[in-house]
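Visitor: Sharing a structure, written as structure tokens. Questions coming.
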Amino acid sequence: MCIRDSYIPERLPEERPLALFWGGNRQYGMRKLYLEYLEATFDLDLSDLYLPKEYVRMMQASRIGLDIPGFGFDTVRYWEVPAHGAMLLAERRPIIIPNNFRDRESAVFYEDLADLEDKLRYYLSRPEECAAIAKAGREHLLRYHTGTERARQLLGWVYNTLGW
């Protein structure tokens, strides 16, 4: 997967008044368990469902974007969070993603619920560190994971493999 070039905003808001963004369906994978635990532990309400424009606005107003895999390991949220300038906090993927984000440099990865809680607690108290990782994540995404860049990668692979 990648993110469509036209979906990536050119400019980002200077301020991010919200700490954490989650928007999505709870029913797949471990989402329900994780979200209910985080809501109870951090006194959060992560139950809101957003219309598309509100979804983007909320993501851009947040410092951290939470990604919990649901139905499959590659999610749109994994790519759109850094595209919209929030720090990606995601489960470490058991799949190979060429040029993937780097942990604690361009995204933050967690292994399980306890690790997610620890990392969320840590980064909620460090907005400057979140902002630096978010900026690096967006730059990394723009370099490797836009539709245009993925097309270049595919065409390069075809050329190198088949000599076309």
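The values are calculated or read from the model by the stated rules, or taken from the named source; none is laboratory data. What you see is a predicted model; the values in this text were computed from it and never measured. Cβ atoms come from the backbone with ideal geometry, glycine included; neighbour counts cover every protein chain shown. The accessibility values were calculated without ligands, DNA or RNA, using every heavy atom of the protein model including side chains. Shrake-Rupley method; radii C 1.70, N 1.55, O 1.52, S 1.80 Å.
Visitor: For the chain, what does the accessible surface come to per residue with a 1.4 Å probe? Please give it in Å².
Guide: Values: 9470 Å² over 164 residues.
It amounts to 58 Å² per residue over the chain.
Visitor: Counting C-alpha atoms alone, how compact is segment 85-133: give Rg to one decimal and Dmax as a whole number, in angstrom.
Guide: Rg, Dmax (Cα atoms, Å): 10.9, 31.
Visitor: For Asp118 paired with Phe73, estimate the spin-label separation in nm (one decimal), with each label point 7 Å from Cα along the Cα-to-Cβ line.
Guide: In this crude spin-label approximation the distance works out to 2.2 nm.
Visitor: If you don't mind, there's one more thing I want to ask. In percent, how large is the relative contact order of the chain, given Cα pairs closer than 8 Å and 6 or more residues apart? Intermediate results must be reported in sequence, preceding the final value.
Guide: On the way: 217 pairs, mean separation 41.8, N = 164.
After rounding, I find 26 percent.
Visitor: Next question, about the same structure. Given a 10 angstrom Cα cut-off, can you work out which residue in Arg63, Arg102, Arg11 is the most mobile in a GNM of the chain?
Guide: Arg11
Visitor: Out of Tyr110, Tyr37, Tyr78, any idea which swings most in a Gaussian network model of the chain, alpha carbons joined below 10 Å?
Guide: Comparing Tyr110, Tyr37, Tyr78 in a Gaussian network model of the chain, the most mobile one is Tyr37.
Visitor: Provide the net charge surrounding Thr75, with neighbours chosen by a C-beta distance below 13 Å and charges set as Lys +1, Arg +1, Asp -1, Glu -1. Provide the component values of the computation, followed by the final result.
Guide: Values: positive: Arg31, Arg77, Arg93; negative: Asp67, Asp74, Glu80, Glu91.
Every neighbour counted, the sum reads -1.
Visitor: With no solvent and one point per C-alpha, what does the Debye sum give as log10 I(q)/I(0) for segment 32-164 at q = 0.09, 0.16, 0.17, 0.19 Å⁻¹?
Guide: -0.29, -0.85, -0.95, -1.15
Visitor: Given 10 Å bins starting at zero, what is the percent of C-alpha pairs of segment 1-100 in each, up to the one with the largest pair distance?
Guide: The distribution over segment 1-100 is 15, 48, 32, 5, given as percents.
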